[in-house]
Amino acid sequence: MRTITAFYREWTISAVPLGEEWTNRCLPPGRNTICTDWGIYDTAEAALSGAQEYIDRAAAMYVLAEGVLELYEAEKINPDDCQSLLRSLGYG
């Protein structure tokens, strides 16, 4: 088995063989940090699909974080709430 690479939303995604199963790796545009959803999949196609779902969730979390920061800057939420919300989204 060999690694299969594709592109999704400007990210490079790879299905990587792991014994008889597959996992995925995601490389965001302009970054050198590899991300993964830590899932194990039966097929390369399923691993690539899992990577796409991971990217969609990451994009949604980013939009939510931007909204939280806008609320903080508009003084609609206090610093502690802002920090708590950002942590719950995986930031910090």
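Points to keep in mind about this one:
- Tally of residues being assigned to a strand (DSSP E or B) and either open to solvent by 40 Å² or more (accessible area, probe 1.4 Å) or over 16 Å from residue 49 (Cβ atoms) (or both) across segment 18-36: 4
- Only residues that are of a type in the set (A, V, I, L, M), at pLDDT 95 or above and in a loop (DSSP other than H, G, I, E, B) were counted in segment 38-92, giving 3.
- Scanning segment 38-69 for residues that are open to solvent by less than 40 Å² (accessible area, probe 1.4 Å) and under 20 Å from residue 86 (Cα atoms) yields 55, 58, 59, 65, 67, 68.
- Segment 34-92: number of residues that are touching a Leu at 6+ places or on another chain (Cβ under 8 Å) and of a type in the set (Val, Ile, Thr): 4
- Of all the criteria given as (1) at pLDDT 95 or above; (2) under 15 Å from the mean Cα position of the chain (by Cα), the one not satisfied by residue 31 is (1).
The values are calculated or read from the model by the stated rules, or taken from the named source; none is laboratory data. These numbers come from a predicted model, not from an experiment. All Cβ positions, glycine included, derive from the backbone under ideal geometry; neighbour counts span all protein chains shown. Keep in mind that these areas ignore ligands, DNA and RNA; they rest on the heavy atoms of the full protein, side chains included. Shrake-Rupley method; radii C 1.70, N 1.55, O 1.52, S 1.80 Å.
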